[in-house]
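We did not get these values from a lab; they are worked out from the coordinates using the rules stated. From a predicted model like this one, the values you see are computed outputs, not experimental measurements. Because the Cβ atoms are built from the backbone with ideal geometry, glycine has one as well, and the counts that use them run over all protein chains shown.
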Amino acid sequence: MTATLFDPITLGAIEAPNRIIMAPLTRGRAGPGFVPNELAREYYRQRASAGLIISEATGISQEGLGWPSAPGLWSDAQVEGWKPVTDAVHKAGGRIVAQLWHMGRLVHSVFNDGKPPVSASATRGPGKAHTPAGRLEYEVARPLELAEIPRLIDDYAKAAENAKHAGFDGVQLHGANGYLIDQFLRDGSNLRDDDYGGSVVNRIRLLREVTETLIAVWGKDRVGVRLSPNGETQGVDDSAPESLFPAAAAALDALGIAFLELREPGPEGTFGRTDVPKQSPAIRAVFKGPLILNSDYDAAHAEADLASGVADAISFGRPFIGNPDLVERIRSGAEWAADNPQTWYSPGPGGYTDYPALVAA
């Protein structure tokens, strides 16, 4: 039977009423201490009609968070800040998982008491970091030592536990977009010669071990993963993605995770446009669980990919910024409102919670 955007889908233990997923979207509205506030409560509540909300990328530790006013999940205050958010989503009939984030080499030292960023190897991200002190050049990362890997994995475990205490319905591991897990996956940024570098088997080891740790906290039916398998992203690339990413997906399939989300831009992509072929067909062949595709979808393209069986659900990012009621707009065929890039990361409600719905709540 052909699936549509409005068919329900089972994502592990999560029963989603439709296949319109809200992709993770960094918005930079957290308060002091990287604590979510009332603005976040209203923002996510407005978008609770999504089949599933994947939260904005959320730092697992001070070491791993290098974005101004992004939220975290390592402190008690952050957990308390998230509780009203998850409660509001649930009361509005929605479901929300926390995306767990370590930015690796893209954390400037100003976020971490002057300590250098960590990564798979001593590499530097391209361009400049967004910091409270303005745009600053990225710094050369310090390679994580083998003895530090268990501590890193414990940071993920603690954040996963905190996500449970905060009332989330599960977690998604951020393994995409040139951040720490991606830095370990791809040979352009992973120059190691130990058990976490070199071969594909070694480069996917951290991804697998962290996922296993999240499963130990949540159970496999409440853990998802996000990957970006085609093309360069934030300076991170791989010489043979057609070998790497199907192997990574097969490892995740063996763990039985609830869903796998892929961000796959094309030549005309809004961000990270690339001519590197999409890896989803090869990944589809080895990953048997629900596969969610993302990047520059409109309703017609989304319906076509569901109907063809290329994907089981579609995640929408930017459309959810300007359209808190995106699900209803797709259902009714209404026009999608444009979002304002100038207010993506600005403080306050402007461009965050003030986009109107078709019908006022």
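Dipole size of the chain about its Cα centre, with +1 on Lys/Arg Cβ and -1 on Asp/Glu Cβ: approximately 340 debye, rounded to the nearest 20. Considering only C-alpha atoms, what is the centroid distance from segment 63-116 to segment 18-34, in Å? Spelled out, the Cα-based centre of one part sits 9 Å from the other. Note on Ala216/Arg142: beta-carbon distance plugged into 1/(1 + (r/R0)^6) with R0 of 30 Å gives a FRET efficiency of 0.60. To the nearest 0.05, what FRET efficiency results for Leu191 and Ser75 with a Förster distance of 25 Å applied to their C-beta separation? Step by step, r from the Cβ atoms, then E = 0.15. Label sites at Asp275 and Asp154, each approximated as a point 7 angstrom past Cα along Cα to Cβ, lie 4.9 nm apart.
Normalised by the number of residues in the chain, the average gap of Cα pairs under 8 Å and 6 or more apart makes the relative contact order 17 percent. Here the label points at Val359 and Thr4, each 7 Å from Cα along the C-beta direction, are separated by 1.8 nm in the simple model. GNM remark for the chain: springs join alpha carbons under 10 Å apart, and the peak mean-square fluctuation among Pro290, Pro36, Pro150 falls on Pro150. I need the shape label for segment 9-343. Rule: rounded when a/c is under 1.5, else prolate if a/b > b/c, else oblate, with a, b, c from the alpha carbon gyration tensor. Judged from the Cα gyration tensor, segment 9-343 comes out rounded (a/c under 1.5). Hydrophobic long helices, here whole DSSP H runs in the chain with Kyte-Doolittle means of at least 0.0 and Cα atoms spread over 27 Å or more along the helix axis, are not found.
Based on DSSP H segments of at least four residues, each scored -39500 (n - 2.57), the chain has a per-residue ellipticity at 222 nm of -9000 deg cm²/dmol.
With both residues required to sit in segment 70-191, DSSP beta bridges show an antiparallel share near 45%. Can you bin segment 15-127 into rounded, prolate or oblate? Criterion: square roots of the alpha carbon gyration tensor eigenvalues sorted a ≥ b ≥ c, rounded for a/c under 1.5, prolate for a/b above b/c, oblate for the rest. The shape class here is prolate. Projecting label points 7 angstrom from Cα along Cα→Cβ for Thr131 and Asp298 puts them 4.2 nm apart.
Using DSSP, restrict attention to beta bridges with both residues in the chain and report what percent are antiparallel, rounded to the nearest 5. The answer is about 20 percent antiparallel. From the alpha carbon centroid of segment 303-361 to that of segment 155-177 is 24 Å. Anisotropy class assigned to segment 225-334 is oblate, per the alpha carbon gyration tensor with a/c at or over the 1.5 cut-off and a/b no larger than b/c.
Taking the chain as a Gaussian network of alpha-carbon nodes connected by springs under 10 Å, the highest mean-square fluctuation of the residues Asp325, Asp275, Asp221 belongs to Asp275. Inter-part distance, segment 40-61 to segment 245-267, computed on C-alpha centroids, equals 22 Å.
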